[in-house]
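Below you'll find the structure, written out as structure tokens, and then a few comments.
Just so you know, all these numbers are worked out from the coordinates, no wet-lab data involved. Computed from a prediction, not measured in an experiment: that's the story for all the values here. We place every Cβ from the backbone using ideal geometry, glycine too, and count neighbours over all the protein chains shown.
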Amino acid sequence: MQFSQTHLSVTGLKKSVLCRVSSKGKQKKVYLTFNDGPNQQITPWVAEKLKEAGGVKATFFCVGENAEKHPELLNLLKEEGHELANHSQGHESGWATSQKSYFRSFLECENTLGKTSHFRPPYGRITRNQAKALATRTQIVLWDVESGDYDTSRSGKQCFHSLINQTQPGSIVQFRDSERSAPRLIYALPEYLKWLKENGYTPSLIPKDTSKNNNQKNLV
């Protein structure tokens, strides 16, 4: 599964990345995130399901190239109160991309979306040096709950059961608003939203790290 590769890739980077949010008090919060959009067919469907679930807010980690094609979907997400976040301009793996090219992709996506508070490395693959540099400008967000919706060998029901088995207070949950993931997402997301409500969870937006200084040295 992809999430196991992710945690191997960030060994020793706990101070630079956020994998889950500290749970305080009695309130059971979770943080829903969607990667790889916006997609003309899937993103509006996701937004509608979140709205139907009581106006649930989520973070959408957008690929800049997709965002450029569909500015109307960015406006839709903002109007619904969702967060737009950086998922690079071209969905490059940090393991297979030079540092200069990787940073350029991050900055191009920022230019496309406007200033964002959070960045998720595509595939969860980021080097120690890349993470240390980006962490001075943004909060790098990974996850501790993987839906597995990208995996074409799985069913939507299997994805749903994976979600409920992994979820705990403070979890950051990863979905994808992409055509590849749609067959599993269409089953798993509504069922998961229902399960969260029945089990007393409150979906929330990822807190912003106000300590980040976006005026530090240039990346490229």
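Seen against the Cα atoms of the chain and their longest principal axis, helix 99-113 is set at about 60 degrees. Net charge of the neighbourhood of GLY170, taken over other residues with C-beta under 11 Å away and scored Lys/Arg +1, Asp/Glu -1, is +3. Each of the peptides 32-45, 97-110 was scored by the mean count of other Cβ atoms within 10 Å over its residues; in descending order, highest first, they stand as 32-45, 97-110. With the simple model of a label 7 Å out from the Cα in the direction of the Cβ, SER211 to GLU80 spans 3.3 nm.
Taking amide H as placed 1.01 Å from N in the peptide plane, the amide H of ASP36 sits under 5 Å from that of PHE61, VAL63, each at least 5 places away or on another chain. As a rough footprinting exposure proxy, the listed residues SER88, SER178 were ranked by other beta carbons within 10 Å of their own, and the order from fewest upward is SER178, SER88. Between ASN199 and GLN99, the contour length at 0.36 nm per residue exceeds the Cα-Cα span by 31.7 nm. Helix 156-166 sits at what angle to the longest principal axis of the chain, using alpha carbons and giving 0 to 90 degrees rounded to 10? Its long axis makes an angle of about 70 degrees. From the alpha carbon centroid of the range 71-87 to that of the range 39-58 is 11 Å. Dipole magnitude for the chain: about 980 debye, using +1 per Lys or Arg Cβ and -1 per Asp or Glu Cβ, origin at the Cα centre.
Over 25 Å between Cα atoms: which of LYS100/LYS132; LYS26/LYS157; LYS24/LYS49; LYS115/LYS157; LYS29/LYS132 fall into that group? The pairs that break the limit, which is 25 Å between Cα atoms, are LYS26/LYS157; LYS24/LYS49; LYS115/LYS157; LYS29/LYS132. Could you tell me the calculated FRET efficiency between LYS24 and GLU48, based on Cβ-Cβ distance and R0 = 41 angstrom, to the nearest 0.05? Efficiency, rounded to the nearest 0.05: 0.85. Database remark: amide H of LYS29 closer than 5 angstrom to the amide H of GLY170, THR202 (H placed geometrically; neighbours at sequence offset of 5 or more, or on other chains; Pro and chain starts carry no H).
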